[in-house]
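Encoded as structure tokens, the structure appears first; notes follow it.
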Amino acid sequence: MILIYAYGSGLGHLKRVTSFLKRQNYASENCILLTNSVFSEFWKSGWNLVQKEDLFFSSAEFLPFLENLISENNIHTFIVDVFPTGFYGELSSLLSHFQGGKILLSRILSNSYFDKNPNIPDFDEIFVMEKGIDLSHLRSGKILYMDYQNNISEEISITIETPYYLIIHSQPLTEVIHLYRLAKMYRTNQKVVILTATAIPQENISSEDLVLFQQKPSQSLLSNAEKIFSGAGFNTFHMLVPYHKKWICNPFPRTFDDQFLRKTIHHKTD
């Protein structure tokens with residue numbers, strides 16, 4: 001069995017790892033996804049998913065749990081998404097002793113992560129998922145490069161009349177509202193459509209505007225929007241690069257994900 005460690009509260013980590021597994025032709029029945037994401041229910045169908053929202057904050061419980069999970073399921077490959085030693089460094093000792101294959105899915109990390117977690121283990125393979133990753137902190141027998149692939153659906157469930165502006169941001173609510181206020185500053189007669197995974201109280205939006213809750217963006221939804229507003233998280237950012245002429249990208253501060261650097265690198269290479 002393959003264990004995939006996807007630490008993160010939002011949708012991004014699970015989107016990235018499941019997309020990677022499909023592209024690499026890993027059979028879902030041979031994979032176990034370990035996550036703390038509150039959105040893990042979206043992946044319960046078709047995946048072996050273990051959701052432990054609070055366990056990650058208790059080192060005394062975490063390592064015995066993870067060691068048992070590895071032993072009981074005969075884990076031969078450990079795939080880590082983004083954080084080489086875990087978000088808190090919780091994987092450091094385990095990965096140094098794990099005898100199976102070790103794979104890292106790498107995206108941009110701020111230098112503060114490596115300042116707090118200097119003892120990075122060796123990986124058998126590192127998949128570089130975007131430009132701007134500082135590989136000097138990482139060690140691997142093989143470095144592989146992967147292009148981002150869009151994670152969009154064929155169509156959404158309703159027809160939206162034009163003209164409209166589109167906001168794509170899963171959470172938190174404060175940032176969704178910030179993007180909504182930004183869109184309202186631009187609009188003249190456009191409806192604002194918000195694609196999100198966060199419940200938005202009706203008093204926060206105008207009656208003529210629309211919330212699409214927990215739906216994937218479709219090609220037509222993106223193409224027909226006059227402007228698109230989003231943050232600069234990995235998945236959304238790389239999905240929207242082809243729409244850069246009408247895209248308003250607003251990076252948000254994160255503990256270790258440098259969204260501002262991601263936007264800056266794209267502008268330099270655009």
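At a glance:
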read-out	value
Bins of 10 Å from zero: percent of alpha-carbon pairs in region 65-194	10, 28, 23, 20, 14, 4, 0
Computed over region 56-146: relative contact order in percent, which uses C-alpha pairs under 8 Å that are six or more apart	24 percent
Reduced Cα scattering model of the chain, Debye log10 I(q)/I(0), q = 0.08, 0.16, 0.17 Å⁻¹	-0.35, -1.27, -1.39
Accessible area of the chain belonging to carbon and sulfur atoms, whole % at 1.4 Å probe	48 percent
Given charges at beta-carbon only (K, R positive; D, E negative), |dipole| of the chain in Debye	820 debye
Interchain or long-range residues, amide H under 5 Å from Leu212's placed H	Ile194, Leu195, Thr196
Per residue, in Å², the accessible surface of the chain once ligands and nucleic acids are set aside, probe 1.4 Å	48 Å²
Positive minus negative residues near Gly12 (Lys, Arg vs Asp, Glu; Cβ under 11 Å)	+2
Dipole of region 131-263, positive end: most advanced residue of Gln190, Leu221, Gly233 [Cβ charges, Cα centre]	Gly233
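The values are calculated or read from the model by the stated rules, or taken from the named source; none is laboratory data. Computed from a predicted model, the values in this text were never measured in an experiment. Glycine gets a Cβ as well: all are built from the backbone with ideal geometry, and neighbour counts include every protein chain shown. Each accessible area value is taken on the protein alone, full model and side chains, heavy atoms only, with ligands, DNA and RNA left out. Shrake-Rupley method; radii C 1.70, N 1.55, O 1.52, S 1.80 Å.
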